């Protein structure tokens, strides 16, 4: 396990080494950006509902390792805890936000 954070719903969300490896393999620019993933989960600008019961946290950053971007973290919550599925950066957050905001800052 790499670390855990508390979601806006009060659930402990875990990021495992296996998941982080998957994220960095799929999105190499995410390497070195674990802190942005945790910050996005703890203090998102938006939380959007996903299609299979997952949550999508978004947070805008004026500066990231690649440029001004929104960090997107997709996660699942169970009864007492949850886990990160994937994370990436986008310059088109409205494409995700239009799915339906369930919480906003």
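Being touching a residue at least 24 places away in the same chain (Cβ under 8 Å) and closer than 21 Å to residue 25 by Cβ: is that true of residue 71 here? For residue 71, the condition - touching a residue at least 24 places away in the same chain (Cβ under 8 Å) and closer than 21 Å to residue 25 by Cβ - is met. For residue 49, state whether it is touching a residue at least 12 places away in the same chain (Cβ under 8 Å), at positive phi and touching a strand residue (DSSP E or B) at 6+ places or on another chain (Cβ under 9 Å). Here the answer is no, as residue 49 does not meet what is asked.
Taken together, the values in this text are just the output of simple stated rules run on the coordinates, not laboratory data. Because the structure is a prediction, the values reported are computed rather than measured. Virtual Cβ from ideal backbone geometry, glycine too; neighbours counted across all protein chains shown.
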